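These notes concern the structure reproduced below.
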Amino acid sequence: MAVVSETAGGPLRLGVLGCSGFARRRMLPAMAAHPRVRVHAVASRSAGRAAVTAAPFRARPVTGYGELLADPALDAVYLPLPAALHAPWVEAALSAGKHVLAEKPLTTDPGQTRTLLARARSLGLVLHENTLFVHHGQHAVVRRLLAEGAIGELRALHAAFTVPAPAPGDIRYAPELGGGCLADIGLYPVRAAVHLLGTRLDVVGAVLSSAPGQRVETSGAALLRRADGVTAQLTFGMEHAYRSRYELWGSEGRITVDRAFTPAADHRPGLLVERADATRTLALPAEDQAVAALTAFADSVHGGKGGADNEADLLAQAELLARIRQAASG
Ligand SMILES: NC(=O)c1ccc[n+]([C@@H]2O[C@H](COP(=O)([O-])OP(=O)(O)OC[C@H]3O[C@@H](n4cnc5c(N)ncnc54)[C@H](OP(=O)(O)O)[C@@H]3O)[C@@H](O)[C@H]2O)c1
């Protein structure tokens, strides 16, 4: 089992598996700024890329992912590889005794997700999926408003995450790397449905479409339903104008959260609460959800339980993504 240096008082020593764009842009700076995490090593398939990426963080550059996992000084690895490579490398990292923070989607198959979570638990190792938005405090405020009846009885969720087309050759266009907008982008509104409506959701119908010449789906929609009739209408796509937003419709009002899934660290949320008698905007403080996700990971490692902190939600999300694909093809 991994030696957890944080429990001995020092920061968690992290190794990064792959010099991904998102890692360089968002996670490595968040790690460097986090008092409970240290970037210890950075691995790439290319020695040059490892050296360039590791240098600003004074981390050890490593050529090859297996080489990095063999480093006994590492407590944990962050895994920002293409989706189809997550499962084998999560398995390898767990087998090497490391806690794992894996990029979303944790795997591309609910069976694999279930197996890896069980394996992590049996080894006493933490396995988190790096879905950042659930760690932002604004959604806890939304849940509290719902529980307090701020919009009466909940009737429906409308959630949308759409982004402009990635550059040609991006991993998201490659089916063999687990590309396509369902797992990459659709995951967010699906997770919002689980986060806000609970894990017991059915897929009523779904559509996945590919832009001409593409080998993966580039846009989609799904209708989910809870047993009490509450619905979730989800829209996602990766050849669209940007939108990142959800609305909760109740018997007496509506809550709207804009920039719901990828707010910048300095974004100060304004939750819109509309009722027939009054409309108010709840101003919340800015929060860096990447830092919050790292804190949750460090807390889990510190807690020593293994597995994920929100396993039921993670499994429900994985199942729903698979059932949406099934519904769209049937
Ligand atoms: N949590 C979030 O908010 C968020 C946001 C964006 C992306 N992500 C996730 O982060 C992961 C990476 O996304 P990205 O946009 O950063 O991708 P990217 O820039 O293409 O990076 C992927 C990295 O994987 C490594 N790799 C290994 N085998 C590869 C192969 N056969 N083809 C391409 N790359 C390969 C490469 O690192 P080396 O060449 O250095 O080995 C590459 O830099 C995905 O799972 C994505 O869903 C998460």
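The values are calculated or read from the model by the stated rules, or taken from the named source; none is laboratory data. Predicted model only: the values in this text are computed from it and were never measured. Quick reminder, even Gly has a Cβ in these numbers, built from the backbone with ideal geometry, and neighbours come from all protein chains shown. Quick note on the areas: whole protein, heavy atoms, side chains included, nothing else; ligands and nucleic acids left out. Shrake-Rupley method; radii C 1.70, N 1.55, O 1.52, S 1.80 Å.
Residues with beta-carbon under 13 Å from that of Asp202, excluding Asp202: net charge, scoring Lys, Arg +1 and Asp, Glu -1? Please report the intermediate quantities before stating the final value.
Working: positive: Arg200, Arg225, Arg226, Arg323; negative: Asp228, Glu319.
Surrounding charge for Asp202 is +2.
Could you give the accessible area per residue of the chain, probe 1.4 Å, as a whole number in Å²?
For the chain, the solvent-accessible area averages 42 Å² per residue.
Relative to the first principal axis of the alpha-carbon coordinates of the chain, what is the inclination of helix 187-197, with its axis defined by its Cα atoms, in degrees from 0 to 90 and to the nearest 10?
60
Name the residues whose placed amide hydrogens come within less than 5 Å of the amide hydrogen of Leu127, ignoring near sequence neighbours (fewer than 5 apart) on the same chain.
Residues meeting the criterion, in which the H sits 1.01 Å from N, are Val100, Gly307, Ala308.
With the dipole of region 188-330 worked out from charges on the C-beta (+1 for Lys and Arg, -1 for Asp and Glu) around the Cα centre, which of Ala308, Gln326, Ala193 lies farthest toward the positive end?
Working it through, the farthest residue towards the positive pole turns out to be Gln326.
Given the DSSP H assignment, sum -39500 (n - 2.57) over each helix run of at least 4 residues in the chain and divide by its residue total; what's the result at 222 nm in deg cm²/dmol, nearest 500?
When only DSSP H runs of four or more count, the value is -9000 deg cm²/dmol.
How big is the gap, in Å, between the Cα center of region 244-322 and the Cα center of region 37-57?
31
Where the accessible area of the chain is counted over protein heavy atoms with a 1.4 Å probe, how much of it, in %, is carbon and sulfur?
Carbon and sulfur together cover 52 percent of it.
Out of residues 5 or more away from Arg155 or on other chains, whose amide H comes under 5 Å of its own, with H placed 1.01 Å from N in the peptide plane?
Long-range HN contacts for Arg155: Trp249, Gly250, Ser251.
Using θ = phi - 60° and the Karplus relation 6.51 cos²θ - 1.76 cosθ + 1.60, list the HN-Hα couplings for region 312-325 in order, rounded to whole Hz, with x at every Gly or Pro.
The phi angles translate into 4, 5, 4, 5, 4, 4, 4, 5, 5, 4, 5, 6, 5, 4 Hz.
With both bridge residues required to lie in the chain, what share of the DSSP beta bridges run antiparallel, to the nearest 5%?
Here the antiparallel bridges make up roughly 55 percent for the chain.
Relative to the Cα centre, what is the charge dipole magnitude of the chain, using +1 at the beta carbon of each Lys and Arg, -1 at the beta carbon of each Asp and Glu, and rounding to the nearest 20 debye?
Charge dipole of the chain: 400 debye, to the nearest 20.
For Glu67, tell me the accessible area in Å² from a 1.4 Å probe, rounded to the nearest 10.
120
Which is farthest toward the positive dipole end of region 5-131 among Gly124, Gly111, Ala23, measuring Cα position about the Cα centre, with Cβ charges +1 (Lys, Arg) and -1 (Asp, Glu)?
Positive-end residue among those listed: Ala23.
Could you give the dipole magnitude of region 5-131 about its Cα centre, charging the beta-carbon of Lys and Arg +1 and that of Asp and Glu -1, in debye to the nearest 20?
320
Among Pro212, Pro56, Pro189, which one moves the most in a GNM of the chain with springs linking Cα atoms closer than 10 Å?
Pro212
Mean-square fluctuation check for the chain, GNM, Cα pairs under 10 Å: which of Tyr78, Tyr65, Tyr188 is largest?
Answer for the Gaussian network model of the chain: Tyr65.
Could you size up the charge dipole of region 15-63 around its Cα centre, putting +1 on the beta carbon of Lys and Arg and -1 on that of Asp and Glu, and report it in debye to the nearest 20?
60
Using only Cα atoms, locate the centre of region 59-97 and the centre of region 114-150, then give the distance between them in Å, rounded to an integer.
Computed from Cα coordinates, the inter-centre distance equals 23 Å.
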